[in-house]
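Here the structure is laid out as structure tokens; the discussion comes afterwards.
The values are calculated or read from the model by the stated rules, or taken from the named source; none is laboratory data. Owing to the predicted nature of the structure, the values given are computational and were not obtained by experimental measurement. Just so you know, the surface numbers come from the protein's heavy atoms only, side chains and all, with ligands and any DNA or RNA stripped out. Shrake-Rupley method; radii C 1.70, N 1.55, O 1.52, S 1.80 Å.
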Amino acid sequence: MRRLFFYLRHATTNLRHSGHWTVFAVFCVAAGVATVVALRSLGLSITDSLLGNLRQYNHGDILLSAIPNLGPFNGAFQRGADEPSIFRERTQQFARDWTAQHDGQLTMFTLVNNVQMTPIGVSGMGRPQFISTYLIDPQTFDISGPITAVDPAGRRLPELLAGEFTIVISQSLADSQRLKVGDPVRLSGTEQPFTISGIVPSESEANINNILASFFGFIYIDRRYAETLQLNTNPNQIGIVLPDTLTSEEIRAAANELTPMYLHP
């Protein structure tokens, strides 16, 4: 233990006495990280511009969000039952009624960034990792565009999440954690293990609007397990798809009607 304190004290002294080299090293690390993020963002922007379906990436023609707007780094670190950044029942009902009046379709879901996923290996537990988690209604989540699995090939979310205690993960997460369909994992907030039932393309959520999902991957899980994970059962995102006959100006005017929902979620 004394040796450890000696090494730490000696390292601190060197850092202090060689301040210009320390600053230079920190700058190099920061520049390297910034370069990686910038290149990744540029790649996502090009993909979104050339190949992307804006309605699908936005989860609808109109996306209502109760979480703070941090641009591409949007996320929510939920506090469970006391979470304030949610849409309460009266607001949800208002959205349902408004969507029905406009002949649209609606999906409600929750984006959470403080759920940890830990692979359960044959020799013990794997390394825990924070994952962008989407608590969704499998029957309505892909109203803005189909989300089809690469494994099992061709399967869609309603079928993949039909079983008990199942999750769907992104291809990037499967590759980085060496996970496959049928593997058990553990999610923070519960002792109940979940089983990976499908793997979807990373492009389903990894875009310029969600940099965190691009780097660390994401999972889909049925909203009915929110309470199991000790998360708030109310959604913090509402996606609305309007009829294809509407123009962009009409959609913008319709979105303005929903402005009060941001003031009183």
Inset, instruction - List every residue whose amide H lies under 5 Å from the amide H of ARG155, counting only residues 5 or more places away in sequence or on a different chain, with H placed 1.01 Å from N in the peptide plane. - result: ALA149
Legend entry - Where segment 126-265 is the region considered: accessible area per residue in Å², 1.4 Å probe: 44
Legend entry - Accessible surface of segment 125-259 [probe 1.4 Å, protein heavy atoms]: carbon and sulfur percent: 51
Inset, instruction - Report the normalised scattering of segment 77-173 as log10 I(q)/I(0) at q = 0.12, 0.16, 0.25 Å⁻¹, calculated by the Debye formula with identical scatterers on the alpha carbons. - result: -0.55, -0.92, -1.37
Legend entry - Net length gained if the chain between LEU246 and ALA100 were fully extended (0.36 nm per residue, minus Cα distance): 51.0 nm
Inset, instruction - Please say if segment 194-248 is rounded, prolate or oblate, where rounded means a/c under 1.5 for a ≥ b ≥ c the square roots of the C-alpha gyration tensor eigenvalues, and otherwise the choice is prolate for a/b larger than b/c and oblate otherwise? - result: oblate
